[in-house]
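A.B. asks: Let me give you the structure first, and then I'll get to my questions.
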Amino acid sequence: MRSFLFVLSCLVAFSAQAQDDRIWYREPAKQFGEALPLGNGRIGLMVYGDPLHEKVHLNEATLWAGGPATLAPNPGVYQYLPEIRRALFNHELRKADSLTKKLQGLYTESYAPLGDLQIDFQHTGAIQQYTRTLDLRNATATIQYKVGIVAFTREMFVSAADQVAVIRFRSSSKGALNLSMRQSSQLKPQFALMENGLVMKGKSPAHADPNYLGEKPEAIIWNDPSGCRGVRFESRLKVIQTDGTVRGKDGALEVHNASAVVVLISIATSFNGFDKCPDKDGKDESALAQTALENASAKTYDALLQNHQHDYRHLFDRVAIELPADPNSKLPTNERLKAHTNGAPDRSFAALYLQYGRYLLISSSRTSGAPSNLQGIWNQLMRPPWSSNYTTNINAEMNYWPAEVCNLTEMHLPMIGLIGNMAITGAATAREFYGINEGWSLNHNSDLWATTNPVGNKGEGSPQWATFPLGGAWACKDLFDHYQFTGDKAYLKDVAYPLMKSQAQFVSKWLISDRQGRLVTAPSTSPENEYYQPGTKEHYQTSIASTCDMSLVWDLYTNVIEASEVLSTDKELREDLIRQRAKLFPLTINSAGLLQEWYEDYEDVDPQHRHLSHLVGLYPGRQISPRIDPVIALGAQKALEKRGDGGTGWAKSWKISLWARLYDGKHAYKLFKELLHYTEDGGTISYAGKGGTYPNLFCAHPPFQIDGNFGGTAGIAEMLLQSHLGYIDVLPAIPDDWSDGRFDGLVARGNVVVGATWKKGKTTEIRLTARQAGRILLKNPFAPSTSIYANGKLIDGFTAEGLIVLEMKQGESMRIGAKN
């Protein structure tokens with residue numbers, strides 16, 4: 001049934017793309033932020049494309065430092081909670097901050113780089129007519145150039161169907177290809193030659209400190225006698241087709257006098273689950289790598305390419321989008337980005353960006369329990385920025401904002417799997433750090449091992465980021481979103497609801513009553529902001545009942561209540577959550593007319609802080625809307641205005657969706673254009689509002705963080721389609737610049753595939769395909785005086801609010817338009 005539904009969704013895509021889904025360049029990459037990303041959701045490549053000295057970074061989604069999380073790294077610290085809470089209610093804020101630091105455990109582990117493939121070519125003569133292209137529709141990188149009259153071509157892809165990376169080298173002249181291939185790694189590997197191939201094997205570190213802890217001798221620990229820390233890996237490279245001669249020499253593999261060469265790379269690790277020792281209890285990575293290589297070696301290049309394209313395009317072709325094209329859309333991507341930054345019109349850039357975000361999600365999120373991390377699956381550093389981990393106070397969740405609406409629901413499953421793992425380790429965190437024996441708690445950081453404790457190495461971390469006990473409530477939104485978009489009741493019953501219910505049980509015990517009898521959280525933070533104590537310039541980080549916390553609790557309770565109604569279960573729990581929800585500390589407008597961020601009307605230390613945690617109820621939540629409470633929504637808008645339009649790359653991405661939820665397409669598009677600010681890859685961390693986009697369209701925090709790409713993708717989708725208020729709203733926030741356009745294949749809650757066409761800013765047609773039977777509510781986008789037709793029949797069903805009512809069968813499609 002599921003496969004039928006997804007095939008059905010593909011039918012709404014355009015029969016042919018009117019716009020070019022490629023990024024391309026006239027020169028090789030010199031830096032990481034210029035290289036081309038390839039991936040099959042597990043194996044990742046970064047291709048530089050140098051005609052003489054090709055460099056390809058290699059990654060594998062489960063190759064991390066460390067091993068299973070230490071579940072009780074700081075036992076008994078929950079005893080400090082009563083004292084912390086007394087300090088907060090007595091306004092002893094310095095004491096509260098200091099004591100909250102005691103509620104910290106160990107840091108998470110780091111995502112590791114597997115290694116590099118170096119390919120050296122023997123060319124004599126000048127390089128001419130060079131191009132380097134990433135074809136998003138086929139997930140293939142191509143490098144082409146000439147040396148004299150001889151044309152050379154490299155084609156690369158990473159196949160999910162056959163679980164190998166594939167490289168084909170070709171020349172237009174017989175025997176003109178002469179090349180040497182060599183693997184290397186920072187992970188102290190061992191090398192060996194095999195017939196027509198190379199083998200590299202090694203092991204990740206037992207521990208790698210976060211990069212922000214600075215350089216010190218023990219920052220990377222290699223040896224662990226327990227066998228529980230460090231993941232083994234093996235990479236196998238083999239020439240499977242060539243008309244040249246192949247030989248191994250000095251640790252390299254050489255090919256001479258060829259006109260075509262096909263190379264396969266298989267990679268495997270010993271990772272066997274978040275709770276298994278990856279060394280002594282690990283999988284046989286050698287057997288896995290060898291089996292994948294042998295199976296793929298039995299196939300021709302054309303068969304491998306066909307398998308890859310069939311698998312990939314089944315996902316990618318579900319969505320098509322067309323926006324007005326300007327002349328600069330034909331430029332090489334780096335030149336196009338620079339021109340866009342300098343103000344040249346380029347309206348179709350948003351269409352390319354949306355499809356690039358979908359490409360990146362398909363390429364980085366197909367491994368169970370190892371979702372797309374801060375850098376997707378692409379990393380070349382031993383201690384990458386913020387460990388390239390799962391930052392669960394916004395960034396990990398942002399990675400999956402486009403998954404459902406952009407018709408890639410399967411890509412959401414690795415994140416859902418990680419949430420299930422974190423619920424297991426989080427039960428120990430709830431017990432050991434907060435003294436709560438029900439449910440589970442997640443804080444602000446996790447990793448492959450599903451770490452959930454507040455990080456900070458037992459007191460080194462700042463509460464503003466280390467302390468976030470309600471990370472699980474935020475993660476649970478992913479669980480319910482997947483149900484809302486798919487309508488999969490079996491999934492809701494067996495997967496989502498038990499995890500959501502357990503999280504609600506934890507939160508019920510975490511909440512306490514303030515002196516007015518309102519339910520609040522304490523200690524509470526507003527990730528990752530600080531505030532001034534009134535009348536002073538002393539700044540603090542912990543508080544009571546931050547708006548972020550209370551919005552997340554409202555969202556969790558509302559979702560659990562609705563889920564229990566759908567499943568007709570847990571009536572007593574549902575009634576209890578309804579009672580608790582009514583007593584939650586309410587959303588508040590402060591003296592300046594802004595949505596208040598803290599328990600009291602505090603002044604922000606940084607009014608333009610990159611995090612917008614107090615606006616989570618506007619997006620991605622559904623508590624705040626101009627159509628629910630205009631006063632609260634106006635306060636949210638003023639708070640957003642005060643934050644400003646600057647920020648890191650991912651912060652700008654978040655603001656796109658926030659403005660879209662306020663139905664301000666002009667401001668949302670302004671933020672999108674600022675997100676596409678050309679940025680060089682300097683590799684340094686900046687919080688100073690310098691977010692932008694690298695030449696390869698990776699989002700710059702800076703440095704690279706992929707959540708900005710996914711947030712920007714979701715923002716474009718949010719401008720085109722919204723469904724969080726219980727009805728489908730088509731084109732709710734399109735800017736005037738998008739005067740004409742068309743999209744197909746986006747998905748609304750209720751499992752409805754949506755398309756639309758508009759001209760001169762007016763909707764001319766809406767296309768709906770129901771993946772499940774039921775009633776659909778559609779906001780009327782047509783002029784009030786027109787008659788509305790579905791498949792040529794006059795529509796006469798409307799709600800009292802003017803919403804169009806449609807009863808649709810599973811698989812049914814409707815084309816909806818209006819006539820005067």
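A.B. asks: Only one of these is at pLDDT 95 or above, over 30 Å from the mean Cα position of the chain (by Cα) and of a type in the set (Lys, Arg): Lys201, Lys188. Name it.
C.D. replies: Criteria check complete, one pass: Lys188.
A.B. asks: Is there a residue in region 300-322 that is open to solvent by less than 20 Å² (accessible area, probe 1.4 Å) and part of a strand (DSSP E or B)?
C.D. replies: Taking every residue of region 300-322 in turn, at least one turns out to be open to solvent by less than 20 Å² (accessible area, probe 1.4 Å) and part of a strand (DSSP E or B).
A.B. asks: Another one. Does Leu584 count as surrounded by 17 or more Cβ atoms within 10 Å (Cβ to Cβ), under 16 Å from Ile624 (Cβ atoms), touching a residue at least 60 places away in the same chain (Cβ under 8 Å) and within 28 Å of the chain's Cα centre (by Cα)?
C.D. replies: It is false that Leu584 is surrounded by 17 or more Cβ atoms within 10 Å (Cβ to Cβ), under 16 Å from Ile624 (Cβ atoms), touching a residue at least 60 places away in the same chain (Cβ under 8 Å) and within 28 Å of the chain's Cα centre (by Cα).
A.B. asks: I'm checking my understanding of the structure. Among residues of region 595-618 that are of a type in the set (Phe, Trp, Tyr) and open to solvent by 10 Å² or more (accessible area, probe 1.4 Å), which one is nearest to Thr525 (Cα to Cα)?
C.D. replies: So the residue we want is Tyr599.
A.B. asks: Within region 257-290, count every residue that is in contact (Cβ under 8 Å) with a residue 24 or more places away in the chain, out of contact with any Leu (no Cβ under 7 Å at 6 or more places or on another chain) and among the polar types (S, T, N, Q).
C.D. replies: Here the count works out to 4.
A.B. asks: Could I ask something else about it? Taking into account only those residues within region 640-660 that are over 15 Å from Phe710 (Cα atoms) and in contact with an Asp or Glu (Cβ under 7 Å, 6 or more places away or on another chain), which is least open to solvent (accessible area, probe 1.4 Å)? Even if it seems obvious, please write down each step before you answer.
C.D. replies: Here is the first cut: in region 640-660, the ones over 15 Å from Phe710 (Cα atoms) are 640-647, 659-660.
Subsequent filtering for residues that are in contact with an Asp or Glu (Cβ under 7 Å, 6 or more places away or on another chain) retains 645, 660.
Numbers: Asp645: 35, Ala660: 0 Å².
For region 640-660, the residue satisfying everything is Ala660.
A.B. asks: Moving on to the next point. With region 121-210 as the region, which strands (runs of 3 or more DSSP E) entirely inside it contain at least 1 residues that are more than 22 Å from Val47 (Cβ to Cβ) and open to solvent by 30 Å² or more (accessible area, probe 1.4 Å)?
C.D. replies: Here the list reads 190-194, 197-203.
A.B. asks: From the list Met415, Met422, Met398, exactly one residue is open to solvent by less than 10 Å² (accessible area, probe 1.4 Å), free of Cβ contacts under 8 Å to residues at least 60 places away in the same chain and at negative phi. Which is it?
C.D. replies: Every option except Met422 fails the conditions.
A.B. asks: Among the strands (runs of 3 or more DSSP E) contained in region 728-820, which hold 2 or more residues that are touching a Phe, Trp or Tyr at 6+ places or on another chain (Cβ under 7 Å) and either surrounded by 14 or more Cβ atoms within 10 Å (Cβ to Cβ) or acidic (Asp, Glu) (or both)?
C.D. replies: 741-748, 752-759, 762-770, 774-778, 804-808, 813-819
A.B. asks: Can you pull out the helices (runs of 4 or more DSSP H) entirely within region 428-534 that have at least 3 residues that are open to solvent by 10 Å² or more (accessible area, probe 1.4 Å)?
C.D. replies: Values: elements: 463-466, 471-486, 497-510.
Helices (runs of 4 or more DSSP H) meeting the threshold: 471-486, 497-510.
The values are calculated or read from the model by the stated rules, or taken from the named source; none is laboratory data. Please read these numbers as outputs of a predicted model, since none were measured by experiment. Here Cβ is always computed from backbone atoms with ideal geometry, including for glycine, and neighbour counts include all displayed protein chains. Keep in mind that these areas ignore ligands, DNA and RNA; they rest on the heavy atoms of the full protein, side chains included. Shrake-Rupley method; radii C 1.70, N 1.55, O 1.52, S 1.80 Å.
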